[in-house]
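Step one of this worksheet: look at the structure below.
The values are calculated or read from the model by the stated rules, or taken from the named source; none is laboratory data. The structure presented is a predicted model; accordingly, all values stated were derived computationally and were not measured. Ideal geometry is used to build each Cβ from the backbone, glycine not excepted, and the neighbour counts take in all protein chains shown. Surface areas here come from the heavy atoms of the whole protein model, side chains and all, with no ligands, DNA or RNA. Shrake-Rupley method; radii C 1.70, N 1.55, O 1.52, S 1.80 Å.
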Amino acid sequence: MMTRSELCAQLRARDNYVILTHRRPDGDTTGCAAALCMGLRQIGKRAAVLPNRQFTPRFAPYLAGLTCPDVTDDATLVSVDIASMGLLSFDAEPYGARIALAVDHHGSNSLPLEEKLIEADKAACGEIIYEILVELGVTISKPIAEALYVAIATDTGCFKFSNTSANTFRVAAALIDAGADVFPINKLFFDTKSFARLKLEARLVDTTEFFAGGRVAICQIPNAWLTELALTEDDVDSISGFARSIEGVQIGVMIREVENGLGKLSVRTDPEYNASDLCKALGGGGHIAAAGATVAGGITGARRAILAVLSERGIVLER
């Protein structure tokens, strides 16, 4: 593990950076990669973001002119907001063994390298990247500020999640002072839903399963729905918290079919429960209130696995 000052010293000493993002990229990993890339370029370093085939159109403006065509042998690889090797993007997977530096806010981070900065008290990795750039002497330009605002706002549900801290608001305020135009960002990410997304939510309302007297809710999104409802990845962004948003639900679970016949669990919990602990039992991890895991058997296997873990924790699951 490294301190922030040690990481900054390494960033000053090295060059030719390629920044890696995680699978199914969200605003935090994308915004951090874009901001770090721009900051490193500003202080005279060569830097680029490794393309991620799962980047969606919503994030394209923040990555314009920042991606690289390939990874050279002398490149220094840096991961941002990636908690484990299994979360590397498909494009980053071949380079996992070459990661030299990592920045993350997941206390469960299991990347097998010593030179990593983990600040689990931060609500978003964007908070950490902001402090790194300030320590490096980077001027927080409007594009950097907006990329970091996307990172922080999306990972805190527009500052409403329980991990939001006073520091989160201080950094957000500094980004606004630096020129971030937050109204269009908030409108795009939090106040706009496609018709396809509305149809998805309607279907989830009809199919959500409730257990433990309504304290546990499980939702499922089969791959077939993506085609039937004409859904894009932007349409399913932030859907993980749907079940938890239902009145009376303390443990909300979203299950999606993913590659290779696997099932991806996203768990959101009230303070009475620990989402990270539940997901660690299935080989995953994350935060106390939000965590995930990927297990074999698709949706059926993931549903069976999370119900077994909940039962082992003493939660009576009768409907």
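Does segment 171-200 hold any residues that are exposed (fewer than 15 other Cβ atoms within 10 Å of the Cβ) and charged (D, E, K, R), and which are they?
D177, D181, K187, D191, K193
Every residue in segment 154-209 that is within 21 Å of the chain's Cα centre (by Cα), on the phi > 0 side of the Ramachandran plot and not hydrophobic (A, V, I, L, M, F, W, C), please.
Residue satisfying the conditions is G157 alone.
Of everything in segment 140-170, what is in a loop (DSSP other than H, G, I, E, B) and of a type in the set (V, I, T)? Give them in sequence order. Steps first, answer last, please.
So in segment 140-170, the residues in a loop (DSSP other than H, G, I, E, B) come out as 140-141, 156-165.
Listed by number, the residues that qualify are I140, T156, T164.
Looking only at residues in segment 112-134 that are in contact with a Lys or Arg (Cβ under 8 Å, 6 or more places away or on another chain) and open to solvent by less than 10 Å² (accessible area, probe 1.4 Å), which one is nearest to D277 (Cα to Cα)?
L117
For segment 1-83, give me every one of the strands (runs of 3 or more DSSP E) that falls completely inside it and has 1 or more residues that are of a type in the set (S, T, Y) and out of contact with any His (no Cβ under 8 Å at 6 or more places or on another chain).
Values: elements: 17-20, 47-49, 76-80.
Those strands (runs of 3 or more DSSP E) span 17-20, 76-80.
All but one of (1) more than 26 Å from L231 (Cα to Cα); (2) in a helix (DSSP H, G or I); (3) open to solvent by 30 Å² or more (accessible area, probe 1.4 Å); (4) not hydrophobic (A, V, I, L, M, F, W, C) hold for G137, so report the exception by its number.
(2)
Specify the residue that is nearest to I140 (Cα to Cα); the eligible residues are those in segment 157-170 that are open to solvent by less than 40 Å² (accessible area, probe 1.4 Å) and among the small types (G, A, S).
Here the residue is S165.
Can you give me the number of residues within segment 97-111 that are within 28 Å of I288 (Cα to Cα) and surrounded by fewer than 17 Cβ atoms within 10 Å (Cβ to Cβ)? Spell out how you get there, then give the answer.
Filtering segment 97-111 for residues within 28 Å of I288 (Cα to Cα) gives 99-111.
Narrowing the set further to residues that are surrounded by fewer than 17 Cβ atoms within 10 Å (Cβ to Cβ) leaves 100, 107, 110.
So the count comes out to 3.
Would you pick out the residues in segment 207-224 that are crowded, with 19+ Cβ neighbours inside 10 Å and assigned to a helix (DSSP H, G or I)?
Within segment 207-224, none qualify.
Considering each residue of segment 1-48, count those that are under 20 Å from T168 (Cα atoms) and of a type in the set (A, V, I, L, M), and give that number.
Residues that pass the stated criteria total 4.
A quick yes/no check of all residues on (1) surrounded by 14 or more Cβ atoms within 10 Å (Cβ to Cβ); (2) of a type in the set (S, T, Y):
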position	(1), (2)
L204	yes, no
D235	yes, no
F242	yes, no
S245	no, yes
R256	yes, no
K264	yes, no
Y273	yes, yes
L278	yes, no
S311	no, yes
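Among the candidates A92, A60, single out the residue that is of a type in the set (G, A, S) and surrounded by 23 or more Cβ atoms within 10 Å (Cβ to Cβ). Write out each step before concluding.
On the way: A60 fails: surrounded by 23 or more Cβ atoms within 10 Å (Cβ to Cβ).
Result of the check over A92, A60: A92.
Is it the case that segment 65-86 has a residue that's buried (at least 23 other Cβ atoms within 10 Å of the Cβ) and at pLDDT below 95? Before you say what the answer is, go through the steps one by one.
Keep residues of segment 65-86 that are buried (at least 23 other Cβ atoms within 10 Å of the Cβ), which gives 78-83.
Subset that is at pLDDT below 95: 83.
Checked against the condition, which is being buried (at least 23 other Cβ atoms within 10 Å of the Cβ) and at pLDDT below 95, segment 65-86 yields at least one hit.
How do the strands (runs of 3 or more DSSP E) wholly within segment 239-319 filter down when requiring 1 or more residues that are touching a helix residue (DSSP H, G or I) at 6+ places or on another chain (Cβ under 9 Å), modelled with pLDDT of 95 or more and within 17 Å of G107 (Cα to Cα): which remain?
Answer list for segment 239-319: 262-269.
Let me confirm something: among A147, A151, which residue is in contact with an Asp or Glu (Cβ under 6 Å, 6 or more places away or on another chain), modelled with pLDDT of 95 or more and among the small types (G, A, S)?
Values: A147 fails: in contact with an Asp or Glu (Cβ under 6 Å, 6 or more places away or on another chain).
Exactly one of A147, A151 is in contact with an Asp or Glu (Cβ under 6 Å, 6 or more places away or on another chain), modelled with pLDDT of 95 or more and among the small types (G, A, S), namely A151.
Output the residue which, of all residues in segment 123-162 that are touching a strand residue (DSSP E or B) at 6+ places or on another chain (Cβ under 8 Å) and among the β-branched types (V, I, T), is nearest to Q10 (Cα to Cα). Spell out how you get there, then give the answer.
Taking segment 123-162 as the starting set, the residues that turn out to be touching a strand residue (DSSP E or B) at 6+ places or on another chain (Cβ under 8 Å) are 125, 128-129, 132, 161.
Narrowing further to those that are among the β-branched types (V, I, T): 128-129, 132.
Values: I128: 16, I129: 14, I132: 11 Å.
Result: I132.
Conditions (1) hydrophobic (A, V, I, L, M, F, W, C); (2) in contact with a Leu (Cβ under 9 Å, 6 or more places away or on another chain), marked per residue:
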position: M1; (1), (2): yes, yes
position: R23; (1), (2): no, yes
position: G39; (1), (2): no, yes
position: R58; (1), (2): no, yes
position: P61; (1), (2): no, no
position: C68; (1), (2): yes, yes
position: T76; (1), (2): no, yes
position: D91; (1), (2): no, yes
position: A102; (1), (2): yes, yes
